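Everything on this sheet refers to the single structure shown next.
Here, each number is a calculation from the coordinates, and none is a lab measurement. Worth saying up front: this structure is predicted, and the values here are computed from it rather than measured. Cβ: placed from backbone, ideal geometry, glycine included. Neighbour counts: every protein chain shown.
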Amino acid sequence: MPARRAHAAVEGAPDLFADFEGTPPEAGRLFVDLSVPRQEAKSCTRCPLYKDATQTVFGEGPEDAAIMLVGEQPGDQEDLHGRPFVGPAGQVLDRAMAAAGMERDKVYVTNAVKHFKFDRRGKKRIHQRPTNSEVDICRWWLDIERRVVRSRVIVALGTTAIRGITGRSSSVTSLRGKAASLPDGTRMVATVHPSYLLRMPDRMAAEAEFSRFVADLKLALKAAG
């Protein structure tokens, strides 16, 4: 496997995580591709979420993608189909990516947590936000994906994704609109999760937020060069 160049910092961009103390992406096992981790993740029992989920939902996309999108966790449809972002939020993401000029088959798409966490209410499975502990435990898999893919830019879709990437909690608002520096030289662009747009009751406000979402994706494309 050919060596990849280290990612240079972008002049003037903030280095928000220079003092990051969590496990860096360089630590742990080394893999030449994701075939083995993807197979091993199918039997993951590192946290209790596997007990109720249908299956592990690992990331997908080119393993040399310049951009990686990281969401929160699989939803109901993702859990059933075994693929990330194929449900309603995925449709919003696809529409935003198209508007930004970002091709889905050229980016790597994954989640901070690989199992669907939900509360069963009758026949419905209602999404439940993963705890910090669950996110931190599942960083094992996200770090492996990051080590193999080595994207120049990671788009954090929501606060859970931010924690999964950086190892600590931060708001989208505090990071939005800039390409932050991570310790390994990767740039991180923070934005909302597409499901947030689906939950907004005011459609005019939702369309305005969708435009901001598209602008964030365009920022990621620019940062990726």
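Take each of the peptides 146-154, 134-142, 41-49, average the number of other beta-carbon atoms within 10 Å over its residues, and list them starting from the highest.
146-154, 134-142, 41-49
Give the shape of the stretch 119-225 as rounded, prolate or oblate, defined through the alpha-carbon gyration tensor: a ≥ b ≥ c are the square roots of its eigenvalues, a/c under 1.5 means rounded, and otherwise the shape is prolate if a/b is larger than b/c and oblate if not.
oblate
Using a cut-off of 17 Å between alpha-carbon atoms, which lysines can reach residue 106, once sequence neighbours fewer than 8 places away in the same chain are excluded?
Those lysines meeting the cut-off are 218, 222.
Which lysines, if any, have their Cα less than 21 Å from the Cα of residue 51, not counting same-chain residues under 8 positions apart?
Once the sequence-local lysines are set aside, what remains near residue 51 is 42, 114, 117, 123, 124.
Would you mind putting 176-182, 33-39 in packing order, based on average other-beta-carbon counts within 10 Å, highest first?
Descending packing order for the listed peptides: 176-182, 33-39.
Run the Debye formula on the Cα coordinates of the chain, all scatterers equal and no solvent, and tell me log10 I(q)/I(0) at q = 0.07, 0.09, 0.11, 0.17 1/Å.
Scattering profile of the chain, log10 relative to I(0): -0.20, -0.33, -0.50, -1.28.
How big is the shadow of the Cα convex hull of the stretch 63-109, averaged over all directions, in nm²?
Over all viewing directions, the stretch 63-109 projects a mean Cα-hull area of 3.3 nm².
So if I place +1 on the C-beta of Lys and Arg and -1 on the C-beta of Asp and Glu, and nothing else carries charge, what would the dipole magnitude of the chain be about its Cα centre? I want it in debye, nearest 20.
Roughly 400 debye, rounded to the nearest 20.
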